[in-house]
Amino acid sequence: MRRDSGRSSLRKPEWLGANIIISGFDKLTELHQGARLIFPDGTGLICEGENLPCIGPGRVIEKIYNESGLSQKFVPAAKKLRGIVCSVEREGRISKGDTIAFL
């Protein structure tokens, strides 16, 4: 995350509340509501839409860097960069390196 925050990167995705990190799909945040993510064992997630930037993760970043004002800069800097929110359609195991079918 570089934009207005002035930081070269976020060191830990969990600062933003991430619990699954997906690489290789550059437009993940633009995935349409209702899209399904299917993993090799049949585990299924349903996209509920974009994970909109909010001040909560900005406060976490501000506290970690001990720099006043970062929380206010986070919202515009994180636009279209926070990924998606999903619901579980079918329980199962998701493992590092799994391929994902997007339907």
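Data table
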read-out	value
Segment 23-74: number of residues that are more than 18 Å from K12 (Cα to Cα), of a type in the set (F, W, Y) and not in a loop (DSSP other than H, G, I, E, B)	0
Total residues in segment 19-39, condition within 17 Å of K80 (Cα to Cα) and without any contact (Cβ under 8 Å) to a residue 24 or more places away in the chain	7
Residue check for I20: in a strand (DSSP E or B), of a type in the set (V, I, T) and either under 22 Å from F102 (Cα atoms) or open to solvent by less than 40 Å² (accessible area, probe 1.4 Å) (or both)	no
Subset of segment 1-48 (residues that are in contact with a Gly (Cβ under 6 Å, 6 or more places away or on another chain) and at pLDDT below 75)	none
Among (1) over 19 Å from I22 (Cα atoms); (2) touching a Cys at 6+ places or on another chain (Cβ under 8 Å) - the single one A35 does not satisfy	(1)
In segment 23-55, residue nearest to the chain's Cα centre (by Cα) [restricted to those that are under 18 Å from E91 (Cα atoms) and open to solvent by 50 Å² or more (accessible area, probe 1.4 Å)]	E48
Residues satisfying the stated conditions in segment 56-80, i.e. under 30 Å from G44 (Cβ atoms) and loosely packed, with under 15 Cβ neighbours inside 10 Å	G56, K79, K80
In segment 81-91, residue farthest from the chain's Cα centre (by Cα) [restricted to those that are assigned to a loop (DSSP other than H, G, I, E, B) and surrounded by 13 or more Cβ atoms within 10 Å (Cβ to Cβ)]	L81
Within segment 61-103, tally of residues that are more than 25 Å from F25 (Cβ to Cβ) and in contact (Cβ under 8 Å) with a residue 24 or more places away in the chain	4
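The values are calculated or read from the model by the stated rules, or taken from the named source; none is laboratory data. Every value quoted in this text rests on a predicted model; they were computed, and no experiment measured them. Every residue, glycine among them, receives a Cβ derived from its backbone with ideal geometry; neighbour counts consider all protein chains shown. Areas reflect the complete protein model, heavy atoms only, side chains present, ligands, DNA and RNA absent. Shrake-Rupley method; radii C 1.70, N 1.55, O 1.52, S 1.80 Å.
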